[in-house]
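Colleague: Quick one: the structure is below, and I'll ask about it shortly.
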Amino acid sequence: MSLLDYAEARPWAKAIKEEVLERRMPPSGAMKGYGEFRDAVSLSQEEMHLVADWVEGGAPKGDSAYLPAKPKPAPTPRVSVTRRLPVRILEPFTMTAIRVEGLAEGDSVRVAAVTRSGIAIPLVWIPNYRPKWSRAYVYREPLRLPAGTRIVSTNPAARLFTRPSAVPEP
């Protein structure tokens with residue numbers, strides 16, 4: 001189904017509400033608020049309630065003057081070298097994107113960086129993984145991780161695509 005304009009989307013209002021409340025739509029993969037990503041398409045709890053209220057209110061057409069400009073996607077930086085988690089960063093580096101693979105459909109994973117001083121930095125949380133949505137999540141601002149930082153995961157099957165300076169822990 002197309003959602004490009006109101007006339008095409010309106011007949012699907014109730015289905016849209018259900019998919020949004022079940023977090024199957026939009027199909028972003030990453031949980032909002034656990035890592036800040038450029039071009040993030042997941043919805044906050046408030047945005048989900050706004051969609052539900054719109055449907056319950058009869059799904060009226062809004063004023064076209066308030067439509068945002070169509071976004072122009074920026075190129076995704078290349079992410080290289082796959083590593084099993086956990087990994088320890090041997091030298092400082094800047095992380096611009098993260099991609100997690102190795103998960104089965106329906107699996108969930110949280111990935112975080114833990115510095116030597118014990119500070120935990122959330123990197124990405126992917127609930128209910130769908131292989132067809134596998135992609136690199138590009139950070140809004142590059143993350144500068146110091147040497148000695150460990151990148152850990154809640155799912156032992158997860159593999160991280162990262163820079164060559166990260167090595168598997170023994």
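The values are calculated or read from the model by the stated rules, or taken from the named source; none is laboratory data. Just so it is clear, the structure is predicted and the values come from calculations on it, not from any experiment. For neighbour counting, all protein chains shown are included, and Cβ atoms are generated from backbone atoms with ideal geometry for every residue, glycine included. To get the accessible areas, we keep the full protein, side chains included, count just its heavy atoms, and leave off ligands, DNA and RNA. Shrake-Rupley method; radii C 1.70, N 1.55, O 1.52, S 1.80 Å.
Colleague: Return yes when Thr96 is over 30 Å from Glu18 (Cβ atoms), within 14 Å of the chain's Cα centre (by Cα), part of a loop (DSSP other than H, G, I, E, B) and at pLDDT below 90 and no when it is not.
Modeller: Judged against the criteria, Thr96 is not a match.
Colleague: Separate question: Name the residue that is most open to solvent (accessible area, probe 1.4 Å), counting only residues in the range 22-72 that are at pLDDT below 80 and acidic (Asp, Glu).
Modeller: Glu36
Colleague: If you go through the range 103-132 one residue at a time, how many are closer than 13 Å to Thr154 by Cβ and either in a loop (DSSP other than H, G, I, E, B) or not β-branched (Val, Ile, Thr) (or both)?
Modeller: Residues flagged as closer than 13 Å to Thr154 by Cβ and either in a loop (DSSP other than H, G, I, E, B) or not β-branched (Val, Ile, Thr) (or both) within the range 103-132 amount to 11.
Colleague: Six or more apart or on different chains, Cβ atoms under 6 Å: show the pairs whose first residue is in the range 145-170 and at positive phi and whose second is modelled with pLDDT of 85 or more and charged (D, E, K, R).
Modeller: Gly148/Arg116
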